[in-house]
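Report on the following structure.
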Amino acid sequence: MNAAGSTPSKQVKPVGNPLWLVAEITYKCPLHCVFCYNPVDYTRYGQELSTDEWLRVLRESRELGVTQLGFSGGEPLVRDDLEIMIAEARKLGYYSNLITSGVGLNEKRIAAFKEGGLDHIQLSFQDSTRELNDFLSSTRTFELKSKTAKLIKQYEYPMVLNVVLHRLNIDHVQQILEMAEAMGAEYVELANTQYYGWALLNRDHLLPSKEQLRRAEEVTNKFRERVGNKMKIYFVVPDYYEIRPKACMNGWGSVFITVTADGTVLPCHEARMLPGLTFPNAREANMKWIWYDSPAFNTYRGDEWMTEPCRSCPEKIKDFGGCRCQAYMLTGDARNADPVCDLSPHHHIITEAIAKAQQARDKPSTTRPILFRDDKNSRALSESAAVHS
Amino acid sequence: MSVETRLNLDDIVEIGRQFRLQWEQAQQAYVLLYPEGMVKLSQSAGEILKRIDGKLPIADVVENLEQAFPGANLQQDVLKFLEVAYERGWIHPKQAS
Ligand code: SF4
Ligand code: SF4
């Protein structure tokens, strides 16, 4: 209610409550995916939140109205208190999802998850390229995956498979889908790599050609026709081949929260890279203040911050100018339009990246070798980052 | 409405395995939670779905609702809503055992 005589200065859309929380409970991971979206300097970050701290994050977020909870990482199974968090999540009324590579899942643990009330498991294929041959020749990895898949079925979870696609595996979509079918998957998400973190470093090696993409989609459509409703297949194209950006996170600070292993709270899992922002830490502040009042969560809400062409573009209510992180990584200013948009004056950066990846394909010797996500590479990259800043 | 999602009054339906119905304080509404998100239900949809327990035939659900909201003739509305819900995969008829 306004005091008599005062007029509201401008119509500001009120901030709604958050709906999704992704808890990246650890950065530890037994795998070394080249497309990992974790920050490349992850070894620099501090101590992980304790069990009690995580439980407080869950409670406070639930009070704000969050209903969807994803446990991810790193590999969330690395934490042996996951069972406690799952049980608490159910008590609080979350719909919870475990996003896992399956490494570390055994019968005892899945039984405890079921008992605790975990709603859903998403198994991602860590076709981590080192293992590509193994994976495609269906040997060791496949055995491990089928064991995991059997456990998932046995405990009456729907089988949700997530496979990250890139140039090195996209030509094998047929085999990947056949394997998914053999495992009894009900949902398969074929998600093309998003170029952040490790994936951006490796972009020249990972970005598929338009032709590869077209073939993969064709194969997927044929497969869809054959299996019908038995298996739902989602095919997510890399946004580099689009002319409009994705509505990243449905808008900054609009529905989505990520809490990282060390307690940093982010409006999207990549946001830590953005300069000039101090992200709050769940150790030091409560989630309510973080969501509604912290400067970081308010920075890119609404459209005041936008530059042209977004500012006067009618589509801004649909895509919010795309991804802040992609705008920053590729144009140097997070307020710019996501260069995926062909109205952006920086769109040529995308077309050039496509051309460069093509060149790396034709003449591999001109490109520096692929970098695996591991502690050694992360430390090296952290040091070089320190020198630059 | 496709033929496969027609329902009869003596069908017994249950909520799909992937869905969870719950009251949401923040929304002041019943919601259906599922892996990719949440549907906020209208008041009448919430009243219907919260009575779906996989035991009562639809006719009893209707009766139950008419007791809670006297004076209304709900049979057609309930059936129509449940058929839409079936089509969306929220509910399905229980396998005859
Ligand atoms: S993408 Fe791969 S390396 Fe990165 S956290 Fe996930 S499983 Fe681990
Ligand atoms: S100019 Fe900005 S708001 Fe308009 S379509 Fe492109 S990214 Fe979206």
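In segment A:86-108, the residue that is farthest from A:K147 (Cα to Cα) out of those that are open to solvent by less than 10 Å² (accessible area, probe 1.4 Å) and of a type outside the set (G, A, S) is A:Y94.
Among the residues making up segment A:306-338, those that are without any contact (Cβ under 8 Å) to a residue 40 or more places away in the chain and among the acidic types (D, E) are A:E308, A:D333. For segment A:27-80, give me each residue that is under 22 Å from A:M249 (Cβ atoms), modelled with pLDDT of 70 or more and hydroxyl-bearing (S, T, Y). Across segment A:27-80, the qualifying residues are A:Y27, A:S61, A:T67, A:S72. Residues that are over 24 Å from A:R361 (Cβ atoms) and within 14 Å of another protein chain (Cβ to nearest Cβ) within segment A:168-204 comprise A:A185, A:E186, A:Y187, A:V188, A:E189, listed in sequence order. Return the pair list, or none, for Cβ contacts closer than 8 Å from residues in segment A:144-167 that are within 14 Å of chain B (Cβ to nearest Cβ) and touching a residue at least 24 places away in the same chain (Cβ under 8 Å) to residues that are open to solvent by 20 Å² or more (accessible area, probe 1.4 Å) and of a type in the set (G, A, S), at least 6 apart or on different chains. The qualifying pairs are A:K153/A:G184; A:Y155/A:A111; A:M159/A:G184.
Return the total of residues in segment B:54-70 being on the phi < 0 side of the Ramachandran plot and touching a residue at least 40 places away in the same chain (Cβ under 8 Å).
Residues meeting the conditions: 6.
Residues being among the acidic types (D, E) and out of contact with any strand residue (DSSP E or B) (no Cβ under 9 Å at 6 or more places or on another chain) are entirely absent from segment A:248-267.
Among the residues that make up segment A:74-94, is at least one of them among the hydroxyl-bearing types (S, T, Y), touching a Ser or Thr at 6+ places or on another chain (Cβ under 8 Å) and within 16 Å of ligand 1 (Cβ to nearest atom)? So far as segment A:74-94 goes, no, none of its residues is among the hydroxyl-bearing types (S, T, Y), touching a Ser or Thr at 6+ places or on another chain (Cβ under 8 Å) and within 16 Å of ligand 1 (Cβ to nearest atom). A single member of A:G263, A:G253 is touching a Lys or Arg at 6+ places or on another chain (Cβ under 6 Å) and closer than 22 Å to A:G16 by Cβ, and it is A:G253.
Of the residues making up segment A:360-368, none is in a helix (DSSP H, G or I) and within 24 Å of the chain's Cα centre (by Cα). Among the residues of this structure, A:L168 does not count as one that is in contact with a helix residue (DSSP H, G or I) (Cβ under 8 Å, 6 or more places away or on another chain) and modelled with pLDDT of 85 or more.
Yes or no, residue by residue, for (1) modelled with pLDDT of 60 or more; (2) surrounded by 15 or more Cβ atoms within 10 Å (Cβ to Cβ); (3) of a type in the set (D, E):
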{"site": "A:Q326", "(1), (2), (3)": "yes, yes, no"}
{"site": "A:T331", "(1), (2), (3)": "yes, yes, no"}
{"site": "A:D342", "(1), (2), (3)": "yes, no, yes"}
{"site": "A:H347", "(1), (2), (3)": "yes, yes, no"}
{"site": "A:K363", "(1), (2), (3)": "yes, no, no"}
{"site": "A:K376", "(1), (2), (3)": "yes, no, no"}
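Residues of segment A:193-239 that are within 30 Å of A:C325 (Cα to Cα) and among the acidic types (D, E): A:D204, A:E211, A:E217, A:D239. Taken over segment B:56-97, residues that are modelled with pLDDT of 90 or more and among the basic types (K, R) amount to 1. Just one residue in the set A:D303, A:D293 is more than 14 Å from every other protein chain (Cβ to nearest Cβ), surrounded by fewer than 20 Cβ atoms within 10 Å (Cβ to Cβ), within 16 Å of ligand 2 (Cβ to nearest atom) and of a type outside the set (V, I, T); that residue is A:D303. Residues in segment B:1-14 that are surrounded by fewer than 17 Cβ atoms within 10 Å (Cβ to Cβ) and modelled with pLDDT of 90 or more: B:E14 only. Here B:R51, B:R17 are screened, and the one residue that is open to solvent by 60 Å² or more (accessible area, probe 1.4 Å) and either free of Cβ contacts under 8 Å to residues at least 24 places away in the same chain or more than 9 Å from chain A (Cβ to nearest Cβ) (or both) is B:R17.
Conditions (1) open to solvent by 40 Å² or more (accessible area, probe 1.4 Å); (2) in contact with a helix residue (DSSP H, G or I) (Cβ under 8 Å, 6 or more places away or on another chain); (3) in a helix (DSSP H, G or I); (4) of a type in the set (S, T, N, Q), marked per residue:
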site: A:P208; (1), (2), (3), (4): no, yes, no, no
site: A:L213; (1), (2), (3), (4): no, yes, yes, no
site: A:E225; (1), (2), (3), (4): yes, no, yes, no
site: A:R244; (1), (2), (3), (4): yes, yes, no, no
site: A:D262; (1), (2), (3), (4): no, no, no, no
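The values are calculated or read from the model by the stated rules, or taken from the named source; none is laboratory data. All figures in this text were calculated on a predicted structure; none of them were measured in a lab. Every residue, glycine as well, gets a Cβ built from its backbone with ideal geometry; the counts of neighbours run over all protein chains shown. Just so you know, the surface numbers come from the protein's heavy atoms only, side chains and all, with ligands and any DNA or RNA stripped out. Shrake-Rupley method; radii C 1.70, N 1.55, O 1.52, S 1.80 Å.
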